[in-house]
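In what follows, a structure is listed as structure tokens, so that the remarks can point back to it.
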Amino acid sequence: MVHKSALLCLSVFIYVIATVDGENPYRFFDWKVTYGDIYPLGVKQQGILINGQFPGPEIYSVTNDNLVINVHNHLSEPFLISWNGVQQRRNSYQDGVYGTTCPIPPGKNFTYIFQMKDQIGSFYYFPSLAFHKAAGGFGAIKILSRPLIPVPFPEPAGDFTVLIGDWYKINHHKLKAILDYGHRLPFPDGILINGRGSGTSFTVDQGKTYRFRISNVGLQNSLNFRIQGHKLKLVEVEGTHTVQTTYSSLDVHVGQSYSVLVTMDQPARDFYIAVSTRFSSKLLTSTATLHYSNSAGKLSGRIPGGPTTIDWSLNQARSIRTNLTASGPRPNPQGSYHYGMINISRTIRLASSHGQVDGKQRYAVNSVSFKPADTPLKLADYFKIGGVFRVGSIPDSPTGGQMYLDTSVMGADFRAFIEIVFENRENIVQSWHLNGYNFWVVGMDGGSWSPASRNQYNLRDAVSRSTTQVYPKSWTAIYIALDNVGMWNVRTEYWARQYLGQQFYLRVYSPVESIRDEFPIPKNALLCGRASGRTTRPE
């Protein structure tokens, strides 16, 4: 007699073979998500662990690898994992946000199945529901180039992950309750480097060059990264090889990922690695140690200070450009796609705002504060369930009207080429992310955007990435080729604002509804809300 669990595993494996590229390798992961005690700032806290680890285990893969990740939820509440920067080509069902996927119930499991299709670079995963991100559950994702695809720098002596982010000593349930009661969060308590407020160390050999992959997995603060006495050579940003510019420090805004090369060209001793907040009311700094293996001295001297002005950060952002001579995930130059010569078919202007709705703090895009539906939007779309959402429930431009709640979904045509302008009229740095895509950051500046602002766009070698910052009282413009059908989350990475409504979904639609454009719904898809009781199997 065959056990039911064995049949389920067989069914999932058959689905894997049927829906992903069978010619590329598979990597299997089995993750157990639990609560556990952690001490990141020296105080006992309840953390979210994956296989007992905080941060969670690293995902190591190669371009076009197929990933099968079985997630067992041992928490007392629903749970989801999203994959920040992984494009989920034709596969938004695997995106791991509530707009596309039902949560994993307590005591249950779900197997994510997706491919690192035509991607390289540095990314991370994180828990997307409630305020779980404030408790852990995040980890690094590395996608290496295939062996025959040239990389525009020599093989480094080592490849380090550096997960940085602001952190609270307050339990994540209490943080969520503060927001639910209509209040703003207090200032964070510290900065973590790989899950620790202090004590993290990286051992290197003198004279060698190492790669550091830096991701800001925090909740709200932009952070500056620097290494005492060493220069940072930028080589990759969220899957794009960059012009190899050297910096003394690097601003990493929340949600962003960078790769730098660092040559160990100093006398043999230990050096500070410093991470500090930027554009904040007070300065928080944490340090790690760069330890030369033949070190003759311990840490000494002052912790290196970071930049203090917005102009410094803006100038650095403008200097980050795509390396047009480098290969990407395929053996053709990344610059061969001439985005600057394509006519824009649509301009979308998105303005962030904050205010009170029914006496509670809320945040909005174009005056609409997102209200989650009772059914994931992608499932409602697939099963054609009416009344869950309405395409066009968020306007293309700011209205200046009063803030209101709605399940905001913007429609867009498959294969359109569009311009989005993020407008920040507030005194904080914003950070915006689009699931399912990379986009070209063609311009950013202070003041108000107008059509004349296009005269200063970079239409030749703008960096392609999935997360971009918008400076205070400023704008940032991006170009996107909408070549990935699905329901995609557009959100602020400032997590309290995201939780309180500063997000929406972009429905990229093809009327053909062909498996050429989008994979079928997974056979193992969890069904909830008004999709409960339906079947994922064709009749």
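The values are calculated or read from the model by the stated rules, or taken from the named source; none is laboratory data. Every value quoted in this text rests on a predicted model; they were computed, and no experiment measured them. Because the Cβ atoms are built from the backbone with ideal geometry, glycine has one as well, and the counts that use them run over all protein chains shown. Surface areas here come from the heavy atoms of the whole protein model, side chains and all, with no ligands, DNA or RNA. Shrake-Rupley method; radii C 1.70, N 1.55, O 1.52, S 1.80 Å.
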request  = Please state which one of 244, 256 is under 22 Å from residue 135 (Cβ atoms), in contact with a Lys or Arg (Cβ under 8 Å, 6 or more places away or on another chain) and in contact (Cβ under 8 Å) with a residue 24 or more places away in the chain.
outcome  = 256
remark   = Of the conditions (1) closer than 30 Å to residue 393 by Cα; (2) modelled with pLDDT under 95; (3) among the polar types (S, T, N, Q), the single one that residue 345 does not satisfy is (2)
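So that you can scan it fast, the table gives a plain yes or no per residue for (1) farther than 24 Å from residue 96 by Cβ; (2) of a type in the set (Gly, Ala, Ser); (3) open to solvent by less than 40 Å² (accessible area, probe 1.4 Å):
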| site | (1), (2), (3) |
| --- | --- |
| 353 | yes, yes, yes |
| 360 | yes, no, no |
| 376 | no, no, yes |
| 384 | no, no, no |
| 389 | no, no, no |
| 393 | no, yes, yes |
| 398 | yes, no, yes |
request  = Among residues belonging to segment 28-40 that are farther than 20 Å from residue 109 by Cβ and part of a strand (DSSP E or B), point out the one that is farthest from the chain's Cα centre (by Cα).
outcome  = 37
inquiry  = So, residue 441, is that one at pLDDT 95 or above, under 17 Å from the mean Cα position of the chain (by Cα), open to solvent by 10 Å² or more (accessible area, probe 1.4 Å) and among the β-branched types (Val, Ile, Thr) or not?
reply    = yes
request  = Determine which single condition residue 112 fails, assuming it passes every other condition in (1) of a type outside the set (Val, Ile, Thr); (2) open to solvent by less than 10 Å² (accessible area, probe 1.4 Å); (3) within 17 Å of the chain's Cα centre (by Cα).
outcome  = (3)
request  = Considering each of 262, 235 in turn, give the residue that is in contact with a His (Cβ under 6 Å, 6 or more places away or on another chain), under 27 Å from residue 469 (Cα atoms) and buried (at least 19 other Cβ atoms within 10 Å of the Cβ).
outcome  = 262
key: Members of segment 265-301 that are β-branched (Val, Ile, Thr) and open to solvent by less than 10 Å² (accessible area, probe 1.4 Å)   = 273, 275, 277
